[in-house]
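One structure is given here, and the rest of the page talks about it.
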Amino acid sequence: MSDQTHLSNLSGDKKAWPVHLTLGNLPATRRNRPGSFAVLLLALLPVPPKLTKSSADHFQSQINADTLRGVFKLLFEPLQNAALEGVNIDCADGKARRCFPILAAWIADHMENVALHGIKSNVCPKFEVLSGELGTDASSHRARDYARYEGCERESASDDSRTMFETLGSDLEKNVFHRFHRVSAPGLHKLDLLHTVYLGLFQHLMDWISGFLKKHAGLQTFDDTRKVLPPYPGCFVPKKAYRAVTQWQGKEMRNLGLCHLGVPAVALRQRDSRQVIPFKHALDSVWALVDFNMMAQYRSHTPETIAYMEEYLDQFHRIKDIFLEFRVSKRTRAKVDKQRKELRHRRAQSNMPVAPSKRRRRREHHRDEENELRMDMIHTESYFNFVKMHLLSHFSDHIR
């Protein structure tokens with residue numbers, strides 16, 4: 001008999017994080033039957049208010065982090081003792097057995113994992129993937145090994161170890177799961193559809209789709225089509241346009257995911273010969289991500305279904321560049337505006353006279369030149385290297 005402890009941080013309250021304990025009893029002789037589980041509320045963790053970047057608030061943030069680590073140390077102390085010495089547990093057959101409960105998983109939003117694992121917000125909590133490599137395959141990187149980090153910190157000079165930890169985006173002192181018995185801290189991080197897909201990729205995807213539809217004059221058709229959808233079990237008809245919703249919840253985003261493919265297909269149904277390929281790539285990209293999400297919801301998997309998941313994800317990565325121009329950051333947008341101003345300033349300085357019959361053709365040429373330079377700048381500066389995109393590659397490993 002193997003007893004596993006699954007702690008999940010389900011953030012529902014803005015003033016506190018509820019920490020739930022899930023105890024799983026998994027008999028080795030009955031692997032085909034589901035094990036028994038129990039969920040207990042352990043504590044409500046205090047959540048401090050947001051702080052600025054001033055020196056006083058930086059000092060307060062360190063106090064908040066130390067307080068949080070102290071609370072977790074108090075919570076985990078009984079579990080540590082039980083994992084070392086064991087504890088007698090009454091089983092369903094009436095016998096008492098010596099069991100060693102082990103912390104098995106921790107489900108939370110990425111930013112909560114950042115605080116608990118002591119990592120930077122733009123790095124992977126499981127693998128040594130740098131911020132600029134989040135769009136690459138996770139299997140080509142080494143898993144995080146905090147025991148190795150600790151050994152390097154003891155053996156090397158303090159400056160060298162600090163540089164290494166800054167490069168890897170990790171801080172041993174802030175990791176509340178470090179030095180747990182029989183527990184690998186990176187292995188505790190588990191993905192869930194709510195934080196990773198619904199409030200992660202689907203929300204990004206809708207921003208990209210909105211930009212794509214706006215470019216091709218289909219955004220109003222998209223909103224009108226969503227409002228006339230016939231209701232059916234599991235899906236409710238939205239009363240507001242997508243742009244009118246200020247904050248999305250998991251249920252709303254899950255409901256939006258049911259029409260992610262059909263509604264944009266209706267909005268893009270009228271197209272000319274130049275729009276056939278872009279429209280097809282956009283819909284295929286949405287199709288692949290929706291299929292990946294549907295496969296990830298399976299209650300049980302086989303090697304074939306996992307292979308389908310990986311195939312859909314690979315297909316999404318191959319054609320997602322159709323939305324690259326809608327991943328423009330504020331920094332890239334500022335560079336584009338600066339480039340356009342410089343180009344127009346050079347044209348104003350040249351001040352070459354043009355015949356009235358050629359002015360329209362010249363304006364069209366200038367407009368095409370600006371659009372071409374803008375697209376070159378966007379494709380050079382924009383990228384898909386962000387954490388929620390990278391975490392999709394871990395789904396198949398977690399299922400296995």
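Before moving on, here are some points about what is shown:
- Search result, residues across the range 259-276 that are farther than 21 Å from D291 by Cβ and in a helix (DSSP H, G or I): S273, R274, Q275, V276
- Residue pairs meeting the criteria (Cβ under 6 Å; at least 6 apart or on separate chains; first closer than 11 Å to C259 by Cβ, in the range 220-244; second in a loop (DSSP other than H, G, I, E, B) and among the β-branched types (V, I, T)): L229/V237
- Selected residue (only one of V290, V286 is within 17 Å of V197 (Cα to Cα), buried (at least 17 other Cβ atoms within 10 Å of the Cβ) and in contact with a Pro (Cβ under 7 Å, 6 or more places away or on another chain)): V286
- Selection status of R340, outside any helix (DSSP H, G or I) and modelled with pLDDT of 75 or more: no
- Identity of the residue in the range 27-68, among the charged types (D, E, K, R) and more than 30 Å from K95 (Cα to Cα), that ends up modelled with the highest pLDDT: D66
- Some residue of the range 232-240 being outside any strand (DSSP E or B), at pLDDT below 80, surrounded by 15 or more Cβ atoms within 10 Å (Cβ to Cβ) and not assigned by TED's automatic domain parsing to the domain that holds A108: yes
- Whenever a residue of the range 257-270 is assigned by TED's automatic domain parsing to the domain that holds V228, its partners that are assigned to a loop (DSSP other than H, G, I, E, B), lying with C-beta atoms within less than 7 angstrom and at least six residues away or across chains, give the pairs C259/L229; A267/G218; L268/H216; L268/G218.
- M253 vs. criteria modelled with pLDDT of 90 or more, surrounded by 18 or more Cβ atoms within 10 Å (Cβ to Cβ) and either out of contact with any helix residue (DSSP H, G or I) (no Cβ under 9 Å at 6 or more places or on another chain) or not basic (K, R) (or both): no
- Residue count, the range 280-300 (criterion: part of a helix (DSSP H, G or I) and touching a residue at least 24 places away in the same chain (Cβ under 8 Å)): 12
- Taking every residue in the range 161-178 that is at positive phi and pairing it with any residue that is small (G, A, S) and modelled with pLDDT of 65 or more, at least 6 positions away or on another chain, the pairs with Cβ-Cβ distances below 9 Å are G169/S121; G169/S131.
Yes/no per residue for (1) within 23 Å of Y198 (Cα to Cα); (2) at pLDDT below 75; (3) part of a loop (DSSP other than H, G, I, E, B):
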| residue | (1), (2), (3) |
| --- | --- |
| A92 | no, no, yes |
| M111 | yes, no, no |
| V123 | yes, no, yes |
| T136 | yes, yes, yes |
| E150 | no, yes, no |
| E153 | no, yes, no |
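- Checked against (1) touching a residue at least 60 places away in the same chain (Cβ under 8 Å); (2) within 19 Å of the chain's Cα centre (by Cα), F316 passes all but a single condition, namely (1).
The values are calculated or read from the model by the stated rules, or taken from the named source; none is laboratory data. Quick caveat: nothing in here was measured; it's all calculated off a predicted structure. All Cβ positions, glycine included, derive from the backbone under ideal geometry; neighbour counts span all protein chains shown.
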